[in-house]
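Worksheet: one structure, shown below.
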Amino acid sequence: MTEFKGSETEQNLQKAFAEEAVDYFKYALYASLAKFEGHDYIQKCFEEVAQNEKEHAKIWFKWLNDGKFTKTLANLEDSVKIEQYAGKSHYPEFARTARREGFEHIAGLFERVAEIEVEHEEKFKKMLQALKNENLSPDKNGNYIWECSACGALIEQKDRPDFCPLCKHDETFFYKKTPNNL
């Protein structure tokens, strides 16, 4: 990025990233709505284009970050800042504006979302601390503790279980446990 830092091209990359990210979300939402209305083929089209937009956003993101993706530690640090700003500055200001303009209901929505953003900030802080303390790493045998979100069964092994031996739910119901119970 250094060769175009401060240039109009950098601004265009930032705009392109933001626009592709918004389009990705819109098309994913449109796909859900099409599915709800029973339009399976249209749903698939929206999903395909959404995936394309996501990949376009990744391209611009990489260019804005010296051609590489950042590591999880840096991503968590960035996420703490993003959520802190959203929860303690961005949304409270939106709420004040909405209230001043007489949109009390919208002000309340902004305030509730601000509270959630503060919770996200705290969650990211906990994950960041756990990562720094290596509490998210496998044990000495390379195993993790996996919890079934359906029934609570705990399984100690390297890879995500294919299914729960207790309730038989598939692998999508498992998440890694950490010592901090994140």
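Summary of computed values
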read-out: Residue that is outside the structural domain of Gly6 (by TED's automatic domain parsing), over 26 Å from Glu20 (Cα atoms) and over 21 Å from the mean Cα position of the chain (by Cα), where the choices are Glu101, Glu111; value: Glu101
read-out: Test: Lys123 is within 24 Å of the chain's Cα centre (by Cα), under 19 Å from Thr72 (Cα atoms) and not hydroxyl-bearing (Ser, Thr, Tyr); value: yes
read-out: Evaluation of Phe36 against (1) closer than 28 Å to Gln11 by Cβ; (2) in the same structural domain as Phe17 (by TED's automatic domain parsing); (3) not aliphatic (A, V, I, L, M) (one fails), failing number; value: (1)
read-out: Exclusive hit being touching a Lys or Arg at 6+ places or on another chain (Cβ under 8 Å) and of a type outside the set (Asp, Glu), set Tyr41, Tyr91, Tyr24; value: Tyr24
read-out: Given (1) out of contact with any Pro (no Cβ under 7 Å at 6 or more places or on another chain); (2) within 27 Å of Tyr30 (Cα to Cα); (3) in contact (Cβ under 8 Å) with a residue 24 or more places away in the chain, number of the condition Ile145 does not satisfy; value: (2)
read-out: Residue match in segment 130-149 (condition: among the hydrophobic types (A, V, I, L, M, F, W, C), in a loop (DSSP other than H, G, I, E, B), at pLDDT 85 or above and surrounded by 16 or more Cβ atoms within 10 Å (Cβ to Cβ)); value: no
read-out: Any hit, segment 30-43, residues being under 19 Å from Asn65 (Cβ atoms) and under 19 Å from the mean Cα position of the chain (by Cα); value: no
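The values are calculated or read from the model by the stated rules, or taken from the named source; none is laboratory data. Computed from a prediction, not measured in an experiment: that's the story for all the values here. Glycine gets a Cβ as well: all are built from the backbone with ideal geometry, and neighbour counts include every protein chain shown.
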